[in-house]
1. Please work out if residue 136 is at pLDDT below 95 and crowded, with 22+ Cβ neighbours inside 10 Å.
2. Please go through the range 100-130 and pick out each residue that is under 18 Å from residue 149 (Cβ atoms) and over 17 Å from the mean Cα position of the chain (by Cα).
3. Could you grab me the full set of residues in the range 61-75 that are buried (at least 24 other Cβ atoms within 10 Å of the Cβ) and either over 11 Å from residue 159 (Cα atoms) or not hydrophobic (A, V, I, L, M, F, W, C) (or both)?
4. For the range 76-101, enumerate the residues that are under 16 Å from residue 48 (Cβ atoms), open to solvent by 30 Å² or more (accessible area, probe 1.4 Å) and not charged (D, E, K, R).
5. If residue 58 satisfies all but one of (1) surrounded by fewer than 21 Cβ atoms within 10 Å (Cβ to Cβ); (2) within 20 Å of residue 114 (Cα to Cα); (3) not aromatic (Phe, Trp, Tyr), what's the number of the condition it fails?
6. Tell me yes or no: at least one residue of the range 92-99 is touching a residue at least 40 places away in the same chain (Cβ under 8 Å) and within 11 Å of the chain's Cα centre (by Cα).
7. Taking the range 211-228 only, how many residues are touching a residue at least 12 places away in the same chain (Cβ under 8 Å), of a type in the set (Gly, Ala, Ser) and in a strand (DSSP E or B)?
8. Quick one: in the range 139-171, of everything that is open to solvent by less than 10 Å² (accessible area, probe 1.4 Å) and of a type outside the set (A, V, I, L, M), which residue is nearest to residue 217 (Cα to Cα)?
Amino acid sequence: MTTEHADHQHGEGHGHGQPATTDQPDMFEPEAWEDRYAGDETMWSGNANPQLVAEVPALTPGTALDVGCGEGGDVVWLARQGWRVTGADFAANGLARAARHAEQAGVAEQCDWWQVDARTFDPQGRTFDLVTTHFLHPPDAGMGDVVRRLATAVAPGGHLLVVGHAPSPLFTQLSESRRRAMWHAAELVPSLPEGFEVVVAEERPRTTVRDGVSHEIEDATLLARRVG
């Protein structure tokens, strides 16, 4: 899945989990995103997501997996901080864009790419010091299952950072299924496997601009560390 940000790299406009203010029935399927990424126009800002920037500097650089990497803004930022990063997305065209972004940023040698759907994610025995996903919103409250899957890819001592949209009046035009895709950080805590400790589980206010209008929204932010 892709989930990128209209005013940052992932998020409102970041991609497949994107809860736009219009309800598009194919938003969660790879075919729609292959089409959206097939053109030449850049969709997202290329900037790193704010909660990633807030949390990662306290961590020791190692290996990272960004699920729903879209055009690769977070991948590039992590690589610049000294991480070896695997960008994962279910759209091949998105991964191609991300690879070009990394090449242009001079960090291609620190980046790998993996086409995978977060809804069926299996790390295949691979583990990472940081697993991160931003604004991934599977329909019908499916994020708990995604968290369980992503947690299996966290190495002992590593961290899982999951950021998404908390429920907001801004999304009232969406279908009921899409509204149920929003979540609060605390709602994902029960999905963490045994051996994880919660570092952060909260909503963080942020101002975003859509169509020239400022809106106050909240980033639901879950950071957990694998201790066993």
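The values are calculated or read from the model by the stated rules, or taken from the named source; none is laboratory data. Every value quoted in this text rests on a predicted model; they were computed, and no experiment measured them. So basically every Cβ, Gly included, is an ideal-geometry build from the backbone, and we count neighbours across all protein chains shown. Surface areas here come from the heavy atoms of the whole protein model, side chains and all, with no ligands, DNA or RNA. Shrake-Rupley method; radii C 1.70, N 1.55, O 1.52, S 1.80 Å.
1. Spelling it out, residue 136 is indeed at pLDDT below 95 and crowded, with 22+ Cβ neighbours inside 10 Å.
2. Passing the criteria: 124, 125, 126, 127.
3. Across the range 61-75, the qualifying residues are 66, 67, 68, 69, 70, 71, 72, 73, 74, 75.
4. Across the range 76-101, the qualifying residues are 77, 81, 82, 101.
5. Going through the list (1) surrounded by fewer than 21 Cβ atoms within 10 Å (Cβ to Cβ); (2) within 20 Å of residue 114 (Cα to Cα); (3) not aromatic (Phe, Trp, Tyr), residue 58 breaks only (2).
6. No.
7. Qualifying residue count, the range 211-228: 2.
8. Filtering the range 139-171 for residues that are open to solvent by less than 10 Å² (accessible area, probe 1.4 Å) and of a type outside the set (A, V, I, L, M), the one nearest to residue 217 (Cα to Cα) comes out as 165.
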